[in-house]
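Here's the structure we're looking at; comments come further down.
The values are calculated or read from the model by the stated rules, or taken from the named source; none is laboratory data. What you see is a predicted model; the values in this text were computed from it and never measured. Here the Cβ positions follow ideal geometry from the backbone for every residue, glycine too, while neighbour counts run over all protein chains shown.
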Amino acid sequence: MGTVTLGVSIAVPEPHGSLLQDRRAGFGDPAAHGIPTHVTLLPPTAVDAALLPAVEAHLAAVAAGGRPFRMRLSGTGTFRPLSPVVFVQVVEGGSACSWLQERVRDASGPLVRELQFPYHPHVTVAHGISEEAMDRAYAELSEYAAQWTCSSFALYEQGADAVWRKLRTFAFGGGIAGVPAQGSPVDEHATT
């Protein structure tokens with residue numbers, strides 16, 4: 001069966017997702033239209049295709065233990081010089097994202113892996129482009145802000161064409177978005 005490249009992320013909803021994706025393309029990032037706007041919970045990870053049912057069962061269990069939380073984006077940041085990335089900052093909801101990503105990568109599940117860098121929730125708006133274009137992205141989106149209630153995350157697969165496609169969405173609280181689960185994370189700034 002071979003391997004598949006999977007990722008798990010929180011989608012940035014409309015109209016924010018398309019706006020940031022268009023801005024990313026406008027800064028000259030050639031990957032922009034192949035990557036839905038998101039906050040990563042699991043970076044691109046090669047997995048044996050035969051494990052896909054186990055991956056979906058694992059993610060459903062993670063989602064069942066979660067509950068909706070407030071996500072708020074504001075301003076820009078960068079990982080330069082360590083990594084050529086400019087991003088919009090997650091200023092509310094970060095602790096819930098951290099809780100989720102730890103459970104997605106849990107050693108008892110099929111998606112265990114080490115991260116190249118410490119986890120830092122963010123929304124990439126420029127990656128691997130010229131320094132001038134990254135400076136422009138940093139400046140032009142410095143006043144950007146958006147907020148929403150996050151009620152799910154999704155599993156994506158990267159195709160041979162380098163485009164990421166959603167395989168399945170996992171709603172918090174056992175499949176019913178908007179219903180808090182017992183013992184789930186409480187973001188210090190959450191309002192549900």
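Restricted to region 35-57, and to residues that are farther than 14 Å from Tyr156 by Cα and of a type outside the set (D, E, K, R), which residue is surrounded by the most Cβ atoms within 10 Å (Cβ to Cβ)?
Looking at residues that are farther than 14 Å from Tyr156 by Cα and of a type outside the set (D, E, K, R), I get Leu51.
Quick one: would you say Ser83 is modelled with pLDDT under 95, in contact with a strand residue (DSSP E or B) (Cβ under 9 Å, 6 or more places away or on another chain), outside any helix (DSSP H, G or I) and hydroxyl-bearing (Ser, Thr, Tyr)?
Yes: the conditions hold for Ser83.
Residue by residue, here is whether (1) in a loop (DSSP other than H, G, I, E, B); (2) of a type outside the set (A, V, I, L, M) holds:
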{"site": "Leu6", "(1), (2)": "no, no"}
{"site": "Ser9", "(1), (2)": "no, yes"}
{"site": "Glu14", "(1), (2)": "yes, yes"}
{"site": "Leu19", "(1), (2)": "no, no"}
{"site": "Asp22", "(1), (2)": "no, yes"}
{"site": "Pro30", "(1), (2)": "yes, yes"}
{"site": "Pro36", "(1), (2)": "yes, yes"}
{"site": "Thr40", "(1), (2)": "no, yes"}
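Within region 1-28, which residues are more than 21 Å from Val90 (Cα to Cα), surrounded by 15 or more Cβ atoms within 10 Å (Cβ to Cβ) and touching a strand residue (DSSP E or B) at 6+ places or on another chain (Cβ under 6 Å)?
The answer is Val4, Thr5, Leu6.
Restricting to region 130-167, what's the tally of residues that are assigned to a strand (DSSP E or B), of a type in the set (Phe, Trp, Tyr) and in contact with a Ser or Thr (Cβ under 7 Å, 6 or more places away or on another chain)?
The qualifying residues number 2.
Might you let me know whether region 103-122 holds any residue that is assigned to a strand (DSSP E or B) and closer than 25 Å to Ala32 by Cβ?
yes
Would you mind finding the one in Ala32, Ala63 that is buried (at least 18 other Cβ atoms within 10 Å of the Cβ), touching a helix residue (DSSP H, G or I) at 6+ places or on another chain (Cβ under 9 Å) and free of Cβ contacts under 8 Å to residues at least 12 places away in the same chain?
Answer to the check: Ala32.
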